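**Student:** Here it is, the structure in full.
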Amino acid sequence: MSDRPRILVTNDDGVGAKGIADLAEAMEPLGEVWVVAPEREQSAASHALSIHSPVRLNRLGDRRFAVEGTPADAVYLALTFILKETPPALVVSGINHGPNLAADVFYSGTVAAAMEGALLGVPGIAFSLVSSRDFVFTDAAAFAAAVVKAALSNPLAPHLLLNVNIPSPGPVQGYRVAKQGRHTYGAGVVESRDPWGRDYFWLGGSDYRHFSEPGTDVSVIHEEQLATITPLLLDLTDHGAIAPIRKWKLNGFQMAEPLERQPPPK
């Protein structure tokens, strides 16, 4: 067994995508690389798990597997089965063919794969290239290698989740540790009808704009053309909303005393 740190590489664009090939190659000098990724593209699959259907695993080569399932399936299977006895130090997801900024993280299979690692106690980092065409990952892979090298050199919390976006084209000119920002694609539905007379719909808008807020991922990427590193919480609790909601009165129901106000058990 190698004494080098083990790195699990995955994605949502499919095991044959260019982005994951370049990412895996960039990880090789840093540790023992294992690739476990969806067999086909699973963009926008979010954190779906295949709990109502079987998942098949196909070995493609030494330390390289294709999963007939979602990005989260791939990481779950890797950590609880393939690498169960010798878990990796890090789950690295990407490089995604397109950005994952602002609220994209709720839909992204790339981020979900890294998040699945973090949920299972292995720090995860998601990498995305901010481009819509002419995907060249050389510079993004170099930046990813620098981020992973730093992550491996510093103590990482088991549930750490980082979302990294890299501008394109050209070498990375710098980066910021940024907050999650806000953007919109607009809201659109295109309705049509198939040859059998049944209605179908294409979902998603095409009117993109971001909210200019200094220090956020979208502003740093689009206005400064710098890479962004955004730490994400797994706890989605809005702690600021707890106190106001406690003041609600629900007819016929009594709110239990808040736990932090209850006397300690005797």
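The values are calculated or read from the model by the stated rules, or taken from the named source; none is laboratory data. The structure displayed is predicted, hence computed values, not measured ones. Cβ: placed from backbone, ideal geometry, glycine included. Neighbour counts: every protein chain shown. The protein model used for the area step is the full one, side chains on, heavy atoms only, and it has no ligands, DNA or RNA in it. Shrake-Rupley method; radii C 1.70, N 1.55, O 1.52, S 1.80 Å.
**Student:** Out of curiosity, is Ala126 at negative phi and without any contact (Cβ under 8 Å) to a residue 24 or more places away in the chain?
**Tutor:** Details: at negative phi: yes; without any contact (Cβ under 8 Å) to a residue 24 or more places away in the chain: no.
When the stated conditions are applied, Ala126 does not pass them.
**Student:** Is there a residue in region 71-80 that is free of Cβ contacts under 8 Å to residues at least 60 places away in the same chain, closer than 22 Å to Asn163 by Cβ and open to solvent by 40 Å² or more (accessible area, probe 1.4 Å)? Can you show your working first?
**Tutor:** Step one: filter region 71-80 for residues free of Cβ contacts under 8 Å to residues at least 60 places away in the same chain, giving 72-73, 76-77, 80.
Remaining after also requiring closer than 22 Å to Asn163 by Cβ: 72-73, 76.
Add one more test, that the residue is open to solvent by 40 Å² or more (accessible area, probe 1.4 Å), and what stays is 76.
Within region 71-80, one or more residues are free of Cβ contacts under 8 Å to residues at least 60 places away in the same chain, closer than 22 Å to Asn163 by Cβ and open to solvent by 40 Å² or more (accessible area, probe 1.4 Å).
**Student:** Hey, among the residues in region 44-62 that are over 16 Å from Val75 (Cβ atoms) and in a loop (DSSP other than H, G, I, E, B), which one's nearest to the chain's Cα centre (by Cα)?
**Tutor:** Filtering region 44-62 for residues that are over 16 Å from Val75 (Cβ atoms) and in a loop (DSSP other than H, G, I, E, B), the one nearest to the chain's Cα centre (by Cα) comes out as Ala44.
**Student:** How many of the residues in region 1-28 are part of a helix (DSSP H, G or I), out of contact with any His (no Cβ under 7 Å at 6 or more places or on another chain) and open to solvent by less than 10 Å² (accessible area, probe 1.4 Å)? Walk me through how you get there before you give the answer.
**Tutor:** First, pick out the residues of region 1-28 that are part of a helix (DSSP H, G or I): 18-28.
Within this subset, residues satisfying the condition of being out of contact with any His (no Cβ under 7 Å at 6 or more places or on another chain) are 18, 20-28.
Still in the running and open to solvent by less than 10 Å² (accessible area, probe 1.4 Å): 20, 23, 27.
Number of matching residues: 3.
**Student:** If you check Lys149 against the conditions, is it closer than 26 Å to Ala113 by Cβ, under 20 Å from the mean Cα position of the chain (by Cα) and without any contact (Cβ under 8 Å) to a residue 60 or more places away in the chain? Don't jump to the end; show me each part of the working.
**Tutor:** Values: closer than 26 Å to Ala113 by Cβ: yes; under 20 Å from the mean Cα position of the chain (by Cα): yes; without any contact (Cβ under 8 Å) to a residue 60 or more places away in the chain: no.
Judged against the criteria, Lys149 is not a match.
**Student:** Name the single residue, out of those in region 102-121 being over 18 Å from Pro38 (Cα atoms) and open to solvent by less than 10 Å² (accessible area, probe 1.4 Å), that is nearest to the chain's Cα centre (by Cα). Explain how you work it out, then say what you get.
**Tutor:** Step one: list which residues in region 102-121 are over 18 Å from Pro38 (Cα atoms), which gives 102-106, 118-121.
Subset that is open to solvent by less than 10 Å² (accessible area, probe 1.4 Å): 102, 118.
Working: Ala102: 12, Ala118: 10 Å.
Filtering first and then ranking leaves Ala118.
**Student:** Residues Gly197, Gly188, Gly215, Gly170: which one is closer than 19 Å to Phe106 by Cβ and not β-branched (Val, Ile, Thr)? If you could, list the steps in order and put the result at the bottom.
**Tutor:** Working: Gly197 fails: closer than 19 Å to Phe106 by Cβ; Gly215 fails: closer than 19 Å to Phe106 by Cβ; Gly170 fails: closer than 19 Å to Phe106 by Cβ.
Among Gly197, Gly188, Gly215, Gly170, only Gly188 is closer than 19 Å to Phe106 by Cβ and not β-branched (Val, Ile, Thr).
**Student:** Which members of region 192-225 meet the condition of being open to solvent by 80 Å² or more (accessible area, probe 1.4 Å), among the charged types (D, E, K, R) and closer than 18 Å to Pro167 by Cβ?
**Tutor:** Arg209, Glu223
**Student:** Taking region 29-49 as the region of interest, how many residues are in contact with a Leu (Cβ under 8 Å, 6 or more places away or on another chain), open to solvent by 30 Å² or more (accessible area, probe 1.4 Å) and within 20 Å of Ile82 (Cα to Cα)?
**Tutor:** Of the residues in that region, 1 qualify.
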